1. Any chance you could give the angle, 0 to 90 degrees and rounded to 10, that helix 203-229 forms with the longest Cα principal axis of the chain?
2. Please compute the per residue accessible area over the chain with all protein chains in place, 1.4 Å probe, rounded to a whole number of Å².
3. With θ set to phi - 60° and the Karplus curve 6.51 cos²θ - 1.76 cosθ + 1.60, what are the ³J(HN,Hα) couplings of region 29-37 in order, to the nearest whole Hz, using x for Gly and Pro?
4. Measure nothing fancy, just the Cα-based angle from helix 264-285's long axis to the longest principal axis of the chain, in degrees from 0 to 90, nearest 10.
5. At a probe radius of 1.4 Å, what is the per-residue accessible area of Glu115, in Å² to the nearest 10?
6. Using 0.36 nm per residue of separation minus the Cα-Cα distance, give me the extension gain between Ile126 and Thr285 in nm, one decimal.
7. Please work out how much length the chain gains when fully extended from Leu256 to Arg293, using 0.36 nm per residue of separation minus the C-alpha to C-alpha distance, in nm with one decimal.
8. Roughly how much of Glu195 is accessible, in Å² to the nearest 10, using a 1.4 Å probe?
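The values are calculated or read from the model by the stated rules, or taken from the named source; none is laboratory data. Model, not experiment: these values are computed from the prediction. Note that each Cβ is placed from the backbone with ideal geometry, even for glycine, and that neighbours are counted across all protein chains shown. What goes into the accessible areas is simple: the full protein's heavy atoms, side chains included, and nothing from ligands, DNA or RNA. Shrake-Rupley method; radii C 1.70, N 1.55, O 1.52, S 1.80 Å.
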Amino acid sequence: MIFLVFAVACSVAIGMIFKQAGRQQLDRTALLTVNYAAAVAVALGLLGLGGREVDQGLTLSGELLALGAGTGGVLIAGFFVLAWATEVAGMSLAIGVMRVSVVVPFLASWGVWDEVPTLAQGLGMILAMGAFFLLAHQHSAPKPVPAGVSPASNPEGPVEPRSVLSGVDWHAAGVLALTFCSGGAVDVSMKAFEEGFGAGNSRVLFLLLAFGVAFLVGAVIVVRRGLQGGHWPTPRALGWGVLLGIVNYGSLEFLLRAIEVLPGPLVFPANNIAIMVFAALLGVTVWGERLSRPNRIGLALACLALVLLGL
């Protein structure tokens, strides 16, 4: 159980680092690039020191390399969008949407690999989709009327009653939708690995390959911007990137270790639900984020959906 606790703590720490990095206006691309470099370094260190045993190797082929490259690209893109969503919608909702995106691989398993969901899983998918729309429901603030001016005599025109849709912050909702899609894409790529290559290849080494590709993608962008405009990563971005890489790899490592000693149907829902709950609590208490009534209902529905999807 201690591994599951550490996995949750690392995942929540990722959201907090994104929140802090956003407030300090750190370069996202540099932050994420250094993050993957640090994660690869930690993984190689554990392998070299014997802290992580790999029972099988990685048989490289064109198809596996293509999948690894695609997974790496989706990883850094997904993290970029998650950092963006944390800034525009808050840590609570960004992490909530990322966790509820687990419904995407369930749909892919049903449509691509003919894995028919159980009744409980089907209900869980429906609730998860409903939870996403409630979590993504962001209201924009109404435009204030100048002091001493009545709404009817406002020089910019009378204030019309706003409908539900007219007050929605479509920018934040769109970023959360991208977060949902990118999170689901990562899970689908891992499902594709398990189905096509999992029998004869190490999942740990495949993730190491994907992390390496993610680092290369970010490094190309960082170097190109540095050479063209002189915009190189600051020492602060490098420091936060190293910290992010350590907790990023820790979330994966501890989750894998938890699965080794606890049943998967318990680990995955418990991990996702705990991350959402603690992220929401920290977002509200530490960062002063506000959750609307639809957002709170969405978080509750998401927790119920994750329980059903684990049955």
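1. Taking the Cα atoms of the chain, the angle to 203-229 is about 60 degrees.
2. 49 Å²
3. So the J values, rounded to whole Hz, are 4, 5, 4, 6, 5, 5, 4, 6, 5.
4. Orientation of helix 264-285: about 40 degrees from the principal axis.
5. Per-residue accessible area (Glu115): approximately 80 Å².
6. Extra length available between Ile126 and Thr285 comes to 54.2 nm.
7. That works out to 9.8 nm of additional length.
8. Counting only protein heavy atoms, Glu195 exposes about 90 Å² to solvent.
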